Amino acid sequence: MHAIRRSDNATRPRRILILAGAVLATILGVAGAQAASPTEHLNPQIIVSHHHWYQVGTASWYGKFFQGRATASGVPYDENQLTCAHRTLPLGSVLRVTNLENNRSVVVTVNDRGPVPESRVIDLSHAAANALGFSDRGLAPVKVELIGPSSEMAQLLMPAGLEQPR
């Protein structure tokens with residue numbers, strides 16, 4: 001019996017060393033894999049930084065003369081809708097426009113190209129200009145912020161079943 005105890009005690013230190021070696025190898029293996037390719041273990045959405053697009057300049061509005069005419073998006077212009085014309089943003093983009101004189105804001109959708117005068121950054125519908133408080137003057141200093149593409153924001157702003165009649 002003494003021989004059985006001796007052999008059991010003799011292998012016990014080896015088991016601990018084998019276990020410690022396996023743990024160390026695992027730790028070093030994981031650390032080595034991360035050091036070799038750190039981006040594979042990170043979420044790419046965290047790495048990509050999103051820039052907040054905005055533009056500051058003069059806004060104008062257009063109304064009755066264009067009522068019912070086709071816009072660049074193909075939808076007839078309606079001066080009573082919250083829409084706008086922008087030179088470069090994709091049609092359907094959703095923007096927040098803030099009047100810098102009175103801090104009023106409105107959310108509009110890009111459905112046309114313009115404005116024609118190069119000194120202006122955006123052309124708003126009469127309803128949007130009225131909401132911003134400058135429909136009586138025609139021009140106002142504004143900040144234009146890109147909120148998002150229409151497919152994402154349209155559902156947040158106007159849930160299904162609550163659409164306005166055309």
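In segment 74-92, the residues that are under 16 Å from Tyr54 (Cα atoms) form Cβ pairs under 8 Å with partners that are in a loop (DSSP other than H, G, I, E, B) and of a type outside the set (Gly, Ala, Ser), at six or more places apart or across chains, as follows: Ala85/Thr71; Ala85/Arg113; Ala85/Pro115; His86/Arg113; Arg87/Arg113; Arg87/Pro115; Pro90/Pro149. Tell me, yes or no, whether segment 62-72 has at least one residue that is surrounded by fewer than 17 Cβ atoms within 10 Å (Cβ to Cβ), at pLDDT 90 or above, in a loop (DSSP other than H, G, I, E, B) and of a type in the set (Ser, Thr, Tyr). No, that holds for no residue.
Results for (1) more than 15 Å from Pro149 (Cβ to Cβ); (2) of a type in the set (A, V, I, L, M), shown as yes or no for each residue.
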| residue | (1), (2) |
| --- | --- |
| Gly57 | yes, no |
| Ser60 | yes, no |
| Gln67 | yes, no |
| Ser73 | no, no |
| Tyr77 | yes, no |
| Ala85 | yes, yes |
| Arg96 | no, no |
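Looking at Gly133, is it modelled with pLDDT under 95 and in the same structural domain as Ala59 (by TED's automatic domain parsing)? In short, no.
One residue stands out among those in segment 89-119 that are buried (at least 16 other Cβ atoms within 10 Å of the Cβ) and of a type in the set (Gly, Ala, Ser): the one that is modelled with the lowest pLDDT, which is Gly114. Among residues that are surrounded by 14 or more Cβ atoms within 10 Å (Cβ to Cβ), assigned by TED's automatic domain parsing to the domain that holds Gln81 and either modelled with pLDDT under 95 or more than 21 Å from Asp78 (Cβ to Cβ) (or both), Leu139 is included.
Within segment 94-121, the set of residues being touching a Leu at 6+ places or on another chain (Cβ under 7 Å) and basic (Lys, Arg) comprises Arg104 only.
The values are calculated or read from the model by the stated rules, or taken from the named source; none is laboratory data. In this text, all values refer to a predicted model and were calculated from it rather than measured experimentally. Backbone-built Cβ (ideal geometry, glycine too); neighbour counts: all protein chains shown.
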